[in-house]
Amino acid sequence: MTFIAEASATSTAAPAAFFAKWADMATWPEWNQDTEWVTLDGPFVQGATGVLKPEGGPKTKFVITKLTDTEFIDTSKLLGARLIFAHEVATIAGATTVTVRVTMEGPLRALWIKIMGGGLRESLQRDVDALVAAAEAVLV
């Protein structure tokens, strides 16, 4: 597994607010500028599948590979590789920290990282910050 990027932010929103945003995949383009659209085939549960269309990229199938009360991991299937987004929330002293870590595995990961790694590194903190703003907007 190869590390690509990680971004974190602290929020006044509860962890449940982040899971609500992650579960409502049709609204991801509102806080993730690199995503045109996302569909989920059924409920937001471990093992669920869907399709994501990144800006300027091909439609990509994904699966929710882990879902707990503190972590959500989705894995996108690429030719010869898997792109893994691990989303975590932790509550410390009344504040919520949200962290998103991006990794890739598979025999063609070096090629895919060369193609998309720079864009992921550039956009990840911006997207996490926008996610925090979206989660906090629910509080208003």
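Couple of notes before you dig in:
- Computed with a 1.4 Å probe over protein heavy atoms only, the accessible surface of segment 1-119 comes to 51 Å² per residue.
- Placing a label point 7 Å from the Cα of residue 53 along the Cα-to-Cβ direction, the residues of segment 9-32 with a backbone N closer than 18 Å are 25-32.
- To the nearest 10, the accessible area of residue 70 is 70 Å² with a 1.4 Å probe.
- Projecting the Cα atoms of 64, 2, 89 onto the charge dipole of the chain (Cβ charges, centred on the Cα centre) puts 2 farthest toward the positive pole.
- For the chain, the Kirkwood hydrodynamic radius from C-alpha pairs, put into Stokes-Einstein at 4 °C and a viscosity of 1.567 mPa s, yields a diffusion coefficient of 85 µm² per second.
- Surface composition of the chain: carbon plus sulfur atoms hold 59% of the accessible area, using a 1.4 angstrom probe and ignoring ligands, DNA and RNA.
- Simple point charges give the picture: +1 on the Cβ of Lys and Arg, -1 on the Cβ of Asp and Glu, and for the chain a dipole about the Cα centre of about 520 debye.
- Relative contact order (%) - criterion: Cα under 8 Å, at least six apart; region: segment 1-78: 17
- Treating each Cα of segment 77-117 as one equal point scatterer and applying the Debye formula with no solvent, the log10 of I(q)/I(0) at q = 0.15, 0.17, 0.24, 0.31 Å⁻¹ comes out as -0.46, -0.53, -0.73, -1.00.
The values are calculated or read from the model by the stated rules, or taken from the named source; none is laboratory data. In this text the structure is predicted, and so the values were computed from the model without any measurement. Note that each Cβ is placed from the backbone with ideal geometry, even for glycine, and that neighbours are counted across all protein chains shown. Surface accessibility is based on the protein's heavy atoms, side chains included, excluding ligands, DNA and RNA. Shrake-Rupley method; radii C 1.70, N 1.55, O 1.52, S 1.80 Å.
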